[in-house]
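Read-outs: derived from the displayed coordinates by stated rules, not from any lab. Quick caveat: nothing in here was measured; it's all calculated off a predicted structure. Counting neighbours? That spans all protein chains shown, and the Cβs are built from the backbone with ideal geometry, glycine included.
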Amino acid sequence: MSSVCVNEALTDDELRWVLSRLDSDKEKEVFGLVCKRWLTLQSTDRKKLAARAGPHMLRRLASRFTQIVELDLSQSISRSFYPGVTDSDLAVISEGFKCLRVLNLHNCKGITDTGLASIGRCLSLLQFLDVSYCRKLSDKGLSAVAEGCHDLRALHLAGCRFITDESLKSLSERCRDLEALGLQGCSSITDSGLADLVKGCRKIKSLDINKCSNVGDAGVSSVAKACGSSLKTLKLLDCYKVGNESVLSLAQSCKNLETLILGGCRDISDESIMLLADSCKDSLKNLRMDWCLNISDSSLSCILKKCKNLEALDIGCCEEITDTAFRDLGSDDFLGLKVLKVSNCSKITVTGISKLLEKCSFLEYLDVRSLPQVTEIRCSEAGLEFPKCCKVNFSGSLTEPDFLL
């Protein structure tokens, strides 16, 4: 039999089908090493790209990878000394990667409003943009993005301290399909800005306003009422102006809430938390209430009894919590908790932890730091048996990963 060359026997579409059947990125890279034709097919088929490159290399990448929809140019904190992507780079990206839907510029400190103007002018298909910790950005740049990227679904602005309510108004007017917004540390955001945001953006599923110290009950209530059917994640860490009115609004309007972070909201008390537990008993999965100093056994017991789908709970530094909250659990109350943090709850003893373990067979992480009556020795003496896969933190570092942030 005469030999048959694969390239003569198979069309481009057939080779693309072969490429699509490869599972790993490594296998797809090897595919491109066979010959120039296969490399061209592999390049034009590629959808994702992560790179660190200047304007010249970015132009070459754009000409080679013509169908890229996801571009990751983010920087890790360890490279924080390096500015990363610059405005001139963004001009090349905006002109060369016209199909982009996802652009990650996290921690690229060299970007200014001029670079964002290029994005707004050229990348009309963009749906996801992360410019967290790009600290030179202001409302002018974000308004340009909102003006040109009407299909934006997720926007992350953590650490962009010059962003004000004006940006939220622009998003409300032009990006009505927005579903996720991260504003952590944007301390100029106020209740008025949130009220403007939800006049147009009523599909928000995730809102992060951690450390937005000028947000209070009025702003959270506006979000709860406007986005009640869609909101699943709300983060309010250290929003010290947030109190019971916010939680009551969430209980009344947001029946599908899955993740709620209230750490540091010190004015919240049992009554509102109990109403929230009853309203969101079927949906709530993650709840953080550390430093909510008015929380007591009554609300914790209510949460444990009603929220059967709860997977992660942080009640650290809630000094009024005692063993009673765990002793109130009945014979039918089995918990699906995987993460529990009770650090600095000084009134909890080995007895309470023992009762808890009877109900939590799926526990993966238990934080009992700074509990004077719960030490490794005392737990051993009491014969406590933790689930095999459970990490128990008796005295670990305060820099342990935060499962609820």
Here the FRET efficiency for Asn309 versus Glu173, based on Cβ atoms and R0 = 51 Å and rounded to 0.05, is 0.85
In deg cm²/dmol, rounded to the nearest 500, the helical mean residue ellipticity at 222 nm of the chain, built from -39500 (n - 2.57) for every DSSP H run of length 4 or more, is -10500 deg cm²/dmol
Checking Lys205, Lys306, Lys36 against a Gaussian network model of the chain (alpha-carbon springs below 10 Å), the top fluctuating residue turns out to be Lys36
Using only the Cα atoms of region 182-288, build the gyration tensor, take square roots of its eigenvalues as a ≥ b ≥ c, and label the shape rounded, prolate or oblate: rounded if a/c is under 1.5, else prolate if a/b is larger than b/c, else oblate. oblate
Which values of log₁₀ I(q)/I(0), to two decimal places, follow from the Debye formula for region 283-337 at q = 0.13, 0.30 Å⁻¹ with a uniform point scatterer at every Cα? -0.29, -1.32
At 1.002 mPa s and 20 °C, Stokes D of region 4-150 from Kirkwood alpha-carbon radius, µm² per second: 130 µm²/s
Which Cα, out of Cys389, Thr322, Asn344, lies furthest along the positive dipole direction of region 269-405 (beta carbon charges, K/R +1, D/E -1)? Cys389
Please state the charge dipole magnitude for the chain, taken about the Cα centre, from unit charges on C-beta atoms (+1 on K and R, -1 on D and E), reported in debye and rounded to the nearest 20. 1140 debye
What is the distance, in nm, between label points placed 7 Å from the Cα along the Cα-to-Cβ direction at Lys388 and at Ala53? 4.8 nm
Using modelled backbone amide H atoms (1.01 Å from N, in-plane), which distant-in-sequence or interchain residues come within less than 5 Å of Thr349's amide H? Asp323
With the dipole of the chain defined by +1 on each Lys or Arg Cβ and -1 on each Asp or Glu Cβ, the option from Met289, Ser380, Leu257 whose Cα lies farthest towards the positive pole is Leu257
How much length is gained on full extension from Thr324 to Val34, taking 0.36 nm per residue of separation minus their Cα-Cα distance? 97.6 nm
Given R₀ = 25 Å, what would the calculated FRET efficiency be for His150 paired with Thr66, taking r from the Cβ atoms and rounding to 0.05? 0.55
Rank these for me by crowding, Met289, Met57, Met274, going from fewest to most other beta carbons within 10 Å. Met57, Met274, Met289
Taking 0.36 nm per residue of sequence separation and subtracting the Cα-Cα distance, how much length would be gained by fully extending the chain between Arg121 and Glu95, in nm to one decimal? 8.4 nm
Determine the equivalent ellipsoid of the chain by diagonalising the alpha-carbon gyration tensor, then write out the semi-axes as square roots of 5 times the eigenvalues, largest first, rounded to whole Å. 45, 29, 19
In percent, what relative contact order does region 269-405 have, based on Cα pairs under 8 Å that are 6 or more apart in sequence? 20 percent
If one builds a Gaussian network model of the chain from Cα atoms under 10 Å apart, the most fluctuating residue listed among Ser395, Ser299, Ser94 is Ser395
Simple spin-label model, 7 Å along Cα-to-Cβ: Lys140 to Glu8 in nm? 6.3 nm
Alpha-carbon Rg with Dmax, taken over region 310-367, Å: 10.6, 29
Order by neighbour count: Arg327, Arg369, fewest other Cβ atoms within 10 Å first, most last. Arg327, Arg369
Between Thr112 and Glu381, 0.36 nm times their residue separation minus their Cα-Cα distance comes to what? 90.8 nm
Per residue, what volume in Å³ does the convex hull of the Cα atoms of region 269-405 enclose? 97 Å³
Given Cβ point charges of +1 (Lys, Arg) and -1 (Asp, Glu) and nothing else, what value in debye, to the nearest 20, does the dipole of region 269-405 about its Cα centre take? 280 debye
So, in nm, how far is label Ser20 from label Asn256 when the simple model puts each one 7 Å beyond its Cα toward the Cβ? 3.1 nm
Rg/Rg_globular for region 170-226, with Rg_globular taken as 2.2 N^0.38 Å and Rg from C-alpha atoms: 1.00
May I ask you to evaluate 6.51 cos²θ - 1.76 cosθ + 1.60, the Karplus curve with θ = phi - 60°, for each residue of region 357-365 and list the ³J(HN,Hα) values in order in whole Hz, giving x for glycine and proline? 5, 5, 9, 10, 8, 9, 4, 10, 8
